[in-house]
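Novice: One structure, as structure tokens, below. Some questions next.
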Amino acid sequence: MKTAVQSHLAELNHAQSPESVQPASLPPQNRTQTEALCESEAKYRTLFESLDQGLCICELLFNENGEPRDYRFLEVNAAFERLTGLEQVIGKTARQAVPNHDTHWFEIFGRVVRTREPVRVEQQTSAINRWFDVNAFCIGAPQSHQFAALFTNITEAKRIEAERKQAEAILQQTSAELERQVRKLDAIAASVPDFIYTFDLSGQFTYISQSLLDLWQKTAAEALGKNFFELDYPEDLAARLQNQIQQVIETRQPLKDETPYTSAVGTRAYEYIFVPMFDATGTVEAVAGVTRDITDRKQAEAILQQTSAELERQVRKFDATLSTITDSVFSFDREGRFLYANQVLLDVWGVTAAEAIGKTMADLNYPPTVEGQVLDDLQQVLETGESVRNETPYTNSAGVEGYFEYILSPVFAADRTVESVVGLSRDISDRKQAEAALQESEELKRRILESSQDCIKVLTLEGRLLYINTGGLNLLEVDDPAPVLNAQWLDFWQDDDRLSAEAALAA
């Protein structure tokens, strides 16, 4: 179907043919026809120049082989220059106007001229980097080889189309990657016992892991797009969960809570956390959640709490028992920190249990010599697994000096390694004082015996010599007591002296 421009060009072409040209002295009716043609040409010119589309009338040029090799611009409208950027091209060939002109245009316009069939194409002119929608058609007689090209610059449309295709490709690639990530998330979610899910801003599920669907005994199609109310949660629990989702959205902060829930597997305890998901602008776009079955943990905590209460009761009983004795009872960890001290020892230190437990001997102001001795003994117990007994002087918090005897014993773990050390300490100051007094008394007696000129001796029941003073050694006329000790006393005497000695022993 011809356009108005094509029809008008055809009329002008006929009007300009040789048989239609008449001398100036035409009859009146012919002059009227000529004037009409001139008026029509003026209208055509106005239309020609006012078109938004580019329009050019060209003559196709052939080489010696009859192949189209170029074309000459015969006429162009104002839009031609605006759309192509080419100026003053009338009379020039296409190769002159654009030296590296694309040859495919010669082939297209050659086909139009030869077949006299119009052609519409979208083609790029690479020399000026523009795309055109071109409608080409013949004008004039066949031997004129003339054609007209009505075209529109579609470079921007092509750019938009290319960007659209690129965006579609990116979208397709992104969608494929998103699907891959979703499958990966599904696989991960299926491998863990936790329930994983997401909500939109209205609190409707947008993703649900298979483990949660199995708990509900629903398919994804039955659950996605619904909220807790629509999934038959108890009214109060559903209201609480929906409110918490909105709280996460409004505060932009995670929320953690626990709740019992009854399903096909019975009533169990669950811990859950809701976390906001942000878009690139930092706006909350969704909420993610993870729920974990903590029934076993809750039961274990209850047992642990019960056991801890019983243990605390036993500790109080043990502590009360140990506080009734006068000895100090304590225990160390492997690093020498106190794990326990009974009230007797706490009173010696002048501190409370809270101030002492976890402290070292240095922290409790033990003298370095005492600390060093006890730590050496502690290390020996850890290495040998055997008890160690020792004594040490010590001054308590009141400044009272004393002497203590202690024993350190290992506490074995299940694998028979020493995991801690218990100790018992006893104040032996009175005993030490008694021993010192006894030693002093013995020394006094010894000095008295040694100062006597008489023979003073100590014999066994069998008559063997256990002790003899200096007076006795003088009597025996010996200086060193070693040779005579443990000898028979009667062996030192002869004849009458022996008889006297025997009589003395008998008495």
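Novice: Could you compute the FRET efficiency for Ile139 and Leu178, with r as their C-beta to C-beta distance and R0 at 35 Å, rounded to 0.05?
Specialist: 0.05
Novice: Still on this structure, I have one more. Can you list, bin by bin at 10 Å, the percent of alpha carbon pairs in region 452-506, starting at 0?
Specialist: 25, 60, 16
Novice: In degrees between 0 and 90, to the nearest 10, how far off the longest principal axis of the chain does helix 495-506 point, with axes built from Cα atoms?
Specialist: Approximately 60 degrees, to the nearest ten.
Novice: Provide the gained length on full extension for the span Asp479 to Gln96, in nm with one decimal, where the gain is 0.36 nm per separating residue minus the Cα-Cα distance.
Specialist: So the chain would gain 123.0 nm between Asp479 and Gln96.
Novice: On a C-alpha basis, how far is the centre of region 415-436 from the centre of region 133-201 in Å? Whole number, if you could?
Specialist: 89 Å
Novice: Which value at 222 nm does the chain reach when only helices count, each DSSP H run of 4 or more adding -39,500 (n - 2.57), with the total divided by all residues and rounded to the nearest 500 deg cm²/dmol?
Specialist: The helix-only estimate for the chain comes to -14000 deg cm²/dmol at 222 nm.
Novice: By how many nm would the segment from Phe62 to Arg240 grow when fully extended, if each residue of separation counts as 0.36 nm and the alpha-carbon distance is taken off? Intermediate values should be presented prior to the final figure.
Specialist: On the way: separation 178, 0.36 × 178 = 64.08 nm, distance 8.58 nm.
Contour length minus Cα-Cα distance gives 55.5 nm.
Novice: Working from Cα positions, state the angle (0 to 90°, nearest 10) between the long axis of helix 4-15 and the longest principal axis of the chain.
Specialist: On a 0 to 90 degree scale, this one is about 30.
Novice: Tell me, what is the FRET efficiency for Ser500 and Glu440 to the nearest 0.05, using R0 = 35 angstrom and their Cβ-Cβ distance as r?
Specialist: Computed FRET efficiency for Ser500 and Glu440: 0.40.
Novice: Would you mind ranking Val381, Val182 by Cβ crowding within 10 Å, fewest neighbours first?
Specialist: Lowest count first: Val182, Val381.
Novice: Next question, about the same structure. Return one number: the angle in degrees, 0 to 90 and rounded to the nearest 10, between the long axis of the Cα atoms of helix 429-451 and the longest principal axis of the Cα atoms of the chain.
Specialist: 30 degrees
Novice: On to the next question. Could you work out how far apart the two model spin labels at Tyr467 and Ala362 are, taking each label as a point 7 Å from the Cα in the direction of the beta carbon, and quote it in nm?
Specialist: So the label points at Tyr467 and Ala362 sit 4.9 nm apart.
Novice: Now a separate question. Which order, highest average first, do 289-302, 448-461, 335-348 follow once you tally other Cβ atoms within 10 Å for each residue and take the mean per peptide?
Specialist: Top of the packing list down: 335-348, 289-302, 448-461.
Novice: Report the label-to-label distance for Ser126 and Val192 in nanometres (one decimal), using points 7 Å from each Cα along the Cα→Cβ vector.
Specialist: In this crude label model, Ser126 to Val192 measures out at 5.5 nm.
Novice: Can you tell me how region 258-312 classifies by the Cα gyration tensor, rounded, prolate or oblate, using a/c under 1.5 as the rounded cut?
Specialist: On the way: a/c = 6.12, a/b = 2.16, b/c = 2.84.
Oblate is the answer for region 258-312, as a/c is 1.5 or above yet b/c matches or exceeds a/b.
Novice: List the lysines whose Cα lies under 16 Å from the Cα of Lys457, skipping any in the same chain that are fewer than 8 positions away.
Specialist: Straight-line reach from Lys457, under 16 Å: Lys445.
Novice: First select every other residue whose beta carbon is under 12 angstrom from the beta carbon of Gly402; then total the charges, Lys and Arg +1, Asp and Glu -1.
Specialist: -2
Novice: Could you give the nm distance between label points at Val370 and Thr281, where each point is 7 Å from its Cα heading toward the beta carbon?
Specialist: Placing both labels 7 Å beyond Cα along the Cβ direction yields 7.4 nm.
Novice: Hey, which of these cross-link pairs are over 32 Å Cα-Cα: Lys92/Lys165; Lys92/Lys158; Lys317/Lys359; Lys298/Lys359?
Specialist: Beyond 32 Å between Cα atoms: Lys92/Lys165; Lys298/Lys359.
Novice: Would you mind calculating the gained length between Ala157 and Arg297 on full extension (0.36 nm times residue separation, minus the Cα-Cα distance), in nm to one decimal?
Specialist: Going from the current span to full extension adds 43.9 nm.
Novice: Could you work out the equivalent-ellipsoid semi-axes for region 64-216, taking the square root of 5 times each eigenvalue of the Cα gyration tensor, largest first, in whole Å?
Specialist: 61, 16, 14
Novice: Percent of Cα-Cα pairs per 10 Å bin, from 0 to the last occupied bin, for region 325-432, please list those.
Specialist: 14, 50, 30, 5, 0
Novice: What label, among [x] 128, 33, 20; [y] 48, 34, 22; [z] 43, 33, 22, belongs to semi-axes √(5λ) of the Cα gyration tensor in Å computed from the structure on display?
Specialist: Answer by label: [x].
Novice: Rank the residues Trp349, Trp493 as a footprinting-exposure proxy: fewest other Cβ atoms within 10 Å of their Cβ go first.
Specialist: Details: Trp349 18, Trp493 15.
By the 10 Å Cβ count, ascending, the order reads Trp493, Trp349.
The numbers here are math on the coordinates, done by the rules we state, and not lab data. Since the structure is predicted, the reported quantities are computational estimates derived from the model, not experimental observations. Quick reminder, even Gly has a Cβ in these numbers, built from the backbone with ideal geometry, and neighbours come from all protein chains shown.
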